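So the structure is just underneath, and the comments pick up after that.
The values are calculated or read from the model by the stated rules, or taken from the named source; none is laboratory data. Because the structure is predicted, anything quoted here is derived from the model rather than measured. When we count neighbours, we look across all protein chains shown, and the Cβ atoms used for this are built from the backbone with ideal geometry, even at glycine.
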Amino acid sequence: MKKHEFWPAFLLLLKEKGVSEKARPWYRRHLEAWGSFRRAKRSEGQDPEIGAILQLYLEKLGRSPQFADWQIGQVLDSIQWAHSDSLSAAWIEIGRGGISAAELTAPQAARW
């Protein structure tokens, strides 16, 4: 799916998921931040597996005092919905008890 097709489809998906119109821009921002983080990690030359990148990203957010649990929930939802619903990616399956794409350490997993 091309970028100009993705965002309208993602915003429609958010509407279908019951996300309020006011919150939808935040889901997009979370997804854009994830994309930037993912590209930066891949450009470091190591080309780590996507699950490992996701684990690093969630650990980074988990250490940030700027993110409340509900905001991390938005991040998790936006990543899961974009990749599993919009992009049909098989590598991601996120739950509030942790993630199966990349095992979180016990402290992070306990947070969700």
Among helices (runs of 4 or more DSSP H) entirely inside the stretch 38-112, those with 3 or more residues being of a type in the set (A, V, I, L, M, F, W, C) and modelled with pLDDT of 80 or more are 50-63, 69-80
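Is it true that Leu13 is of a type outside the set (Ser, Thr, Tyr), touching an Asp or Glu at 6+ places or on another chain (Cβ under 7 Å) and either closer than 16 Å to Ser84 by Cα or surrounded by 15 or more Cβ atoms within 10 Å (Cβ to Cβ) (or both)?
Values: of a type outside the set (Ser, Thr, Tyr): yes; touching an Asp or Glu at 6+ places or on another chain (Cβ under 7 Å): yes; either closer than 16 Å to Ser84 by Cα or surrounded by 15 or more Cβ atoms within 10 Å (Cβ to Cβ) (or both): yes.
Taking the combined requirement at face value, the residue satisfies it.
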Glu49 meets each of (1) charged (D, E, K, R); (2) under 22 Å from Gly73 (Cα atoms); (3) surrounded by 11 or more Cβ atoms within 10 Å (Cβ to Cβ) with one exception, condition (2)
- Query: Do the conditions hold for Ser20, that is, is it at pLDDT 85 or above and not in a helix (DSSP H, G or I)?
  - Reply: yes
Scanning the stretch 21-40 residue by residue, the ones that are loosely packed, with under 12 Cβ neighbours inside 10 Å and within 13 Å of the chain's Cα centre (by Cα) total 1
